[in-house]
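Okay, so here's the structure we're looking at.
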Amino acid sequence: MTRVADPVLPGLNVSRRTLLKTAGAAGMAGLVPVARSKPAAAFAYEPYPTDDELETVVTSCAHNCGSRHMLVAHKKGDVIVRLSTDHGGYDGNPWGTDTEELPQLRACLRGRSYRARLYSPERLLYPMIRVGERGEGRFKRASWDEVLSQIAEKMVYLRNTYGPTALLDQSYAGASFGVLHKSDQIAGLLGRFLGMFGCRTSSWSVPSYQGTTFSSRITFGTIEDGNEDDAFAHSKLIIMWGWNPAYTFHGGNTFYYMRLARQRGCRFVLVDPQYTDSAAAYDAWWIPIRPNTDAAMLAAMAHYIFVNDLQDQEFIDRFCQGMDAGTMPAWAQGQENFKDYILGKYDGQPKTPEWASGICGVSAEDIRKLAHLYATTKPAALKASWAPGRNAYGEQYNRMAATLQAMTGNIGKLGGCAEGVGKAWHAEAIAYPYDQFANIWFASIKSDRWAHCVLNYPNVRREEIGLWPRQDQFDGLIPNIRGIVWQGSDWFNQLTNINKEIRAVRKLDLVVCMDSTITPSGLWADYLLPVATHFERHDVALPWYKGHYYIHRPKVIEPLGESKTDFQILTELAWRLGFGPAYNPRASRDYFRFNDAVDEAYLRSWWETRVVPHQGVDISWEEFKRRGVYKFKLPRIHVAFRDQIEKGVPFPTPSGKIEIFSTVLAQTRDWTRTQYGYPIPAIPKWIEPFEWLGDREKTRKYPFHLISPHPRWRTHSIFNNIPWLRETYEQEVTINASDAARLGIRTGDIVEVWNDRGRVVVPAYVTERCMPGVLVLFEGAWMDLDENGVDRAGNPDFLTLDEPSPAGAFAYNTVLANIRKTQLDHRPVWDKLATARSYLFRRDL
Amino acid sequence: MAVVRDKAKLKEAILRVKREGYKPVVPEMQLGFIHNNVDCIGCRACEIACKDKNGLPPGPRFRRVQYIEGGTFPEVYAYKVNMSCNHCAEPACLPACPTGAIFKRRKDGIVDIDSTLCIGCRRCEAACPFGAPQYDPETETVKKCNMCVDEIDAGRKPYCVMACMMRVLDIGPIDQLREGTYETKARGPHDRVVRQVKGMADPELTNPSIVFVPHSKGVVE
């Protein structure tokens, strides 16, 4: 046994041999050395610490996807050697427990790669100060004291010089999603910090799902319109409208419960420009649809249901407002109702399947067939996903879908679906102080309008930036944004029209990035603050979207380098700015160095004063910490609006009904004084988007519609640098085979995709699984600009439009573009050798 | 990262192979894999769990979820074939190894490589019809799936199986998996299993210990 040990530890691939040598091989000595003439018997990696020889620590993943799963760290000393996931035994049940009621919380590929992210070469370990031009990516290492002093000084200067809107809060749910260390616009640590400091412009529209948020609030009065994931096992029909849970997972076990549904005879339909892996796994009937035309197809389905009298009229009469003339409120008689709009009473155009077919590209026959299937199968789940809502007038699609869910009586019933946003079980989400200082802001704008605001200040009208109305002297005040703070956010890479952002960021006086990884946004910052990952701080994880459980997240290892938690950094800054005790009441002045006891106190208090009394949990904080996970057994499967339907509890809307005809929208007179800025009809309607394949003028120059869905192999931009994940895929643009043949493009060819806003270079993936005229380029690639401003990494947000829908929906999927072969090189960020293997194992028959 | 090899020990091993020749191992019980080609969403959590468990650099992929698609728009189909090492009854890799580093366990038929004897000659890689043994340029040795024998010996299942979000990948005694008598979530209530799917090497070559729930387009006549 004479192998050479790795000199460095810890590294990405911690050598087991090194590990044993350095950590001491007590109990393992019998394995070394191997007797000389013995036949082969050792297994491939001996000597090797087995799981049972390592310390086991239950924790979870922590990034901004639609799920939250268990990770179990197996560590030696202060090094995580490997990760496993739930085996069903941690919460006191026998090993292997995995029932429909108590399923295991198995992590996805991203979660399983966390060790590579934790120890990645891109890990930010020390505070850094920019030395080159902004965006050049040149930094020097600095001390915490130096960096925080400079930031504090500049913050005070900007606030005193430019007023209370000078600093833009662009925190987001990047990698900081826990009950204590949260990055978020509404409930986040940064928002509270900047609010107390007295200088904050907030970003109110949610990039992923503002269209559906608006729709759910308007229609149902709440965004908690979701069923728990186990409810999906009880549907007879599931229509996945732009929904790809095989990629997004969306909840602890949604994808798995759908498999159970299929085994019980559920039929599946996919309405999507792509034949996704979800369609394949659930054997769905695929209906390819032109992007951004979903509202038209849904309107035609409503038309079919009305003219064939297949609607659930009893449900409509009891629960809906404005579905038809009979359900219009007395005060609105004479205004447009939904049924008469569909029948063409107002504009002379009945919204027939033939009419819709010309818009959405789906045959009238298929529209009728799907409408009939949906109206006659009970219970049926029309899952109206977020992606088709990330469009110009995306809110109209979501409202139209909610209307169909209501007219078929599939709301509040097991196996039906009112989603929508889809938030279901309500977690106790906040363990840090949440008081009168939470979410204070002096201006709040549509999140993707910041660059427009910066570039055009002060000649900006309030409706252009979606300025949220206020009842005080700050109402209508156009923010004079002079600085940005990113916390758990890579928004510079992730918002729309990056070229415009680049022009805007150059005008700022202060850009601060708090992250655990050097991100593409970070490269444009003045200060990089290294944040401890969730393996390096104490917290509790909650399900992001669906699922009912808490997972304990102890400090598994000490923070790497000089990284500190978000809460430590902001508390220290607050002390320097004079409001430390108010910002973090449990902390003393040395919290920056010693945070363990304070964090423990917050978490224990959260458990004992909120979780135990409010949620009927019967185990102590100590017992929870010992187990690492608490899974709730709900008395019955959680279905949104069950009480409204079964017990007649009013919906939380102004009328107490499901508002197809919206009271709020119908009574709005001056749209410029709303956060929307522009008119929104009181009933859902098909409205022609800014850019789409039906636009004969624009498609002459840009004949393809580009969509940018969420990839499976990263969460937005998180994990883009992980070699294991890069091996499983390639950033590439998907194009239909007939389109590709016409343009002479074959799989693997490097192409450029461009429009007036930008240009990107990526390999092509030619397939029959994408409808003609559509290009698919997954969001989140780390931008990599060449000297001509061309993005060689293939980030679609160089092509997207920074003009949101009136209701605030990002128009990520409202993009016309063109494509051609190119001589330019694609830069895949990671080495080509690794990614090239994905060719070997994919897609040939 | 390359390893320094014990030349004396290797010489001894090579002589032993020459002296003793190839004696097939008939295991007391053969473990094998089952994978549901249809219900698999292709997420590759199993692949990443395997990479992490085995500490692999970019390059070797012990477990490979292969994406297969076909048809013409809009009548298309897609499915997944998920394979690592099939721990064959008659492994082609084993007799190809000049140092006797590859061995088959008598108690459960798992085929493994003794890394202290591997010289990185890559003959096994060439011999295997399924691409299971793979060269790790960092250590200059060949590595492959060993069904997580450490987990098996501890009474648990391998990392890939325990990672499967859809519960479509499992292990069990291959006889029972073939007969459909082994209880597993990988097989749905109406599913049948097959030994071979389209595009896969002839199972007669090595008698691989794996069964699939096939996609209708993947069935071999």
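For chain B, list the cysteines whose Cβ sits under 4.7 Å from no other cysteine Cβ?
So, B:40, B:43, B:50, B:88, B:97, B:118, B:121, B:128, B:148, B:164.
Multiplying the sequence separation of residue A:340 and residue A:145 by 0.36 nm and subtracting their Cα-Cα distance, what value in nm do you get?
Extending this stretch completely gives an extra 63.6 nm.
Looking only at other chains, what is the average number of their beta-carbon atoms within 10 angstrom of each beta-carbon in A:760-772?
2
Tell me, what is the FRET efficiency for residue A:365 and residue A:668 to the nearest 0.05, using R0 = 35 angstrom and their Cβ-Cβ distance as r?
It comes to 0.35.
With axes computed from alpha carbons, what is the tilt in degrees of helix B:45-54 against the longest principal axis of chain B, rounded to the nearest 10 within 0 to 90?
It works out to around 10 degrees.
Over the stretch B:7-218, calculate the relative contact order: mean separation of alpha carbon pairs under 8 Å at least 6 apart, over the residue count, as a percent.
Relative contact order for the stretch B:7-218 comes out at 29 percent.
How much length would be gained if the chain were fully extended between residue A:701 and residue A:470, taking 0.36 nm per residue of separation minus their Cα-Cα distance, in nm to one decimal?
Between residue A:701 and residue A:470, full extension yields 78.9 nm more.
How far apart, in nm, are two points set 7 Å out from the Cα along the Cα-to-Cβ line at residue B:183 and at residue B:26?
In this crude spin-label approximation the distance works out to 3.1 nm.
Quick check on packing: order A:229-237, A:814-822 by the mean number of other C-beta atoms within 10 Å, highest mean leading.
A:229-237, A:814-822
If you count the DSSP beta bridges with both ends in the stretch A:696-840, what percent of them are antiparallel, to the nearest 5?
The antiparallel fraction comes to roughly 70 percent.
So, R0 is 35 Å and r is the distance between the beta-carbons of residue A:626 and residue A:582; what FRET efficiency does that work out to, to 0.05?
E between residue A:626 and residue A:582, to the nearest 0.05, is 0.50.
Ignore the peptide's own chain and count Cβ atoms of other chains within 10 Å of each Cβ in A:274-281; give me the average, rounded.
Mean number of neighbouring Cβ atoms from other chains: 6.
Mean separation of Cα pairs under 8 Å and 6+ residues apart, divided by the residue count of the stretch A:377-435: what relative contact order is that in percent?
RCO, the stretch A:377-435: 42 percent.
For a Förster distance of 51 Å, can you work out the FRET efficiency between the beta-carbons of residue A:53 and residue B:216, rounded to the nearest 0.05?
Calculated transfer efficiency: 0.65.
Taking the highest mean first, how do the peptides A:433-446, A:712-725 order by number of other beta carbon atoms within 10 angstrom per residue?
A:712-725, A:433-446
Quick check: pseudo-label points 7 Å beyond the Cα along Cα→Cβ at residue A:821 and residue A:349, how many nm apart are they?
Rounded to a tenth, the inter-label distance reads 4.1 nm.
Please compute, for peptide A:103-113, the average count of beta-carbon atoms on other protein chains lying within 10 Å of each residue's beta-carbon.
6
With +1 on each Lys and Arg Cβ and -1 on each Asp and Glu Cβ, and nothing else charged, work out how big the dipole of chain A is about its Cα centre, in Debye to the nearest 20.
1080 debye
As I understand it, the value is the acute angle between the Cα axis of helix A:210-220 and the longest principal axis of the Cα atoms of chain A; what does it come to in degrees, rounded to 10?
60 degrees
Any lysines with Cα under 20 Å of the residue A:140 Cα? List them, leaving off those in the same chain fewer than 8 positions away.
A:154, A:564
Zone of residue A:605 (label point 7 Å along Cα→Cβ, backbone N under 16 Å): which residues in the stretch A:539-555?
A:539-540
As a quick test, which of the pairs A:546/B:80; A:236/A:546; A:76/B:107; B:7/B:143 have an alpha carbon distance above 25 angstrom in this structure?
A:546/B:80; A:76/B:107, as the Cα separations exceed 25 Å there.
Taking the Cα atoms only, what angle lies between the long axis of helix B:7-20 and the longest principal axis of chain B, rounded to 10 degrees?
Its long axis makes an angle of about 70 degrees.
Using 7 Å Cα-to-Cβ label points, what is the residue A:503/residue B:15 separation (nm, one decimal)?
8.0 nm
Roughly what % antiparallel, to the nearest 5, for the DSSP beta bridges in the stretch B:7-218?
Bridges in the stretch B:7-218 that DSSP calls antiparallel: roughly 85 percent.
Which stretch or stretches of the stretch A:105-140 have amide N atoms under 19 Å from the point lying 7 Å from residue A:153's Cα along the Cα→Cβ direction?
A:127-132, A:140
Restricting to the protein assembly as shown, compute how many DSSP beta bridges are antiparallel as a %, nearest 5.
60 percent
Quick one: 3J(HN,Hα) in Hz for the stretch A:803-813, Karplus 6.51/-1.76/1.60 with θ = phi - 60°, rounded, Gly and Pro as x.
Result, rounded to whole Hz: 9, x, 5, x, 6, x, 4, 5, 9, 3, 9.
Please state the relative contact order of chain A as a whole percent: Cα pairs under 8 Å, 6+ residues apart?
18 percent
All of the numbers you see were taken from the coordinates with simple rules; none came from a lab. Bear in mind that the values here come from a model prediction, so they are computed numbers and not experimental data. Virtual Cβ from ideal backbone geometry, glycine too; neighbours counted across all protein chains shown.
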